[in-house]
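S.K.: My structure is below; once you've seen it, I'll send some questions.
Taken together, the values in this text are just the output of simple stated rules run on the coordinates, not laboratory data. Just so it is clear, the model here is predicted, and its values are computed rather than measured. Cβ: placed from backbone, ideal geometry, glycine included. Neighbour counts: every protein chain shown.
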Ligand SMILES: C[S@@+](CC[C@H](N)C(=O)[O-])C[C@H]1O[C@@H](n2cnc3c(N)ncnc32)[C@H](O)[C@@H]1O
């Protein structure tokens, strides 16, 4: 059995959990428009194949490299120039898992009574490859606001995303017809200021692997600020990766290695890299959502069984040592929220 897709717990108001996914279920629908509705949900994150040697980068080396890159003068401009000159080859497995993630998010949204069709969408933290916003447009969103802390997306990464989607759905005429970003109802807001959005203008807020990068107090502040921006049908759907992201490229550490660090060390690593995760566990998010004025209308999560088994043997910090192995080993969550 795949270590990632071990257990999914589902909670709906007034409903009970559903069983595990059927073996062999594949979340990418054959048609770009299909939701794959009826197929079991399977939360799967960062299960990408790493090139030989890529999984051997010591996490300390990675932190050092990120610390230097984050401080390079004109670093962002240099990276853009490099992309324009030499093109950009995205990690295809990562893009594929992004499509799967959006399929799961859309299924969750629909089960909670929402829909992408006709919706004005705000995506928080679009990143470099706007896979999800392009799919949302093609699946009927009226407009998609892509947003980010800083400018990451450019025409090179947009074209790379489009090429990948065309390879995935070679028969889709609409994908073939897109030439530039302007051919889709897309708006890029970076650096993002929530005050730029008119009140009542957003039907759906989405994010994938973003909330874990936002400190808890900032998360509450952002979600509070977004509340008046939501329309009467306003909803949110968020997919969160709770794993230690340094483990993605250093398989010698556990998926919850960062829970063994004192707060000072964790803050220090985040300061060095100018990013990092908040270490919030799955069950700690709903209280923050409630503080910001939202209720969870659908929630699904995935427990990583090998981590559940070894959790008790790790030298965890007291805050985490008080949690159950299942809480510690919950590696991915899907939340659908309503004000
Ligand atoms: C791991 S990347 C995910 C990118 C994209 N959502 C995806 O699935 O490929 C995290 C993204 O979140 C953005 N981000 C982090 N904190 C944010 C915040 N407070 N507000 C908006 N975006 C944020 C980062 O700039 C980055 O683009």
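S.K.: Helix-only estimate, please: 222 nm mean residue ellipticity of the chain, summing -39500 (n - 2.57) across DSSP H runs of length 4 or more and dividing by its residues, to the nearest 500.
M.R.: The helix-only estimate for the chain comes to -10000 deg cm²/dmol at 222 nm.
S.K.: Right, next: Of all DSSP beta bridges located in region 54-338, what percent are antiparallel, nearest 5?
M.R.: So the antiparallel bridges in region 54-338 amount to around 45 percent.
S.K.: Taking just the alpha-carbon atoms of the chain, what radius of gyration and Dmax come out, in angstrom?
M.R.: Every Cα atom of the chain included, Rg and Dmax give 19.5, 55 Å.
S.K.: Going by average Cβ neighbours within 10 Å, how do the peptides 157-165, 239-247 rank, with the highest at the top?
M.R.: Averaged packing, sorted descending, gives the order 239-247, 157-165.
S.K.: Now for a different question. Please work out the C-alpha center-to-center distance from region 186-209 to region 236-258 and express it in whole Å.
M.R.: 26 Å
S.K.: Follow-up question, since we're still on this one. Normalise the Debye intensity by I(0) for region 148-206, one equal point scatterer per Cα, no solvent, then take log10 at q = 0.12, 0.19, 0.29 Å⁻¹ and round to two decimals.
M.R.: -0.41, -0.86, -1.21
S.K.: Mind listing the Cα extents of region 191-336 along all three principal axes, in Å, largest one first?
M.R.: The principal-axis extents, from largest down, are 49, 33, 26 Å.
S.K.: Could you give me the radius of gyration and the Dmax of region 56-104, taking only the C-alpha atoms into account and expressing both in angstrom?
M.R.: My reading of the Cα-based Rg and Dmax gives 14.8, 39 Å.
S.K.: Given contacts defined as C-alpha pairs under 8 Å and at least six residues apart, what's the relative contact order of region 54-338, whole-number percent?
M.R.: 20 percent
S.K.: Suppose we look only past 22 Å in the calculated P(r) of region 212-294. What percent of the Cα-Cα pairs does that tail hold?
M.R.: 35 percent
S.K.: Could you order peptides 87-98, 248-259 by the average number of other Cβ atoms within 10 Å of their residues, highest first?
M.R.: Output ranking for 87-98, 248-259: 248-259, 87-98.
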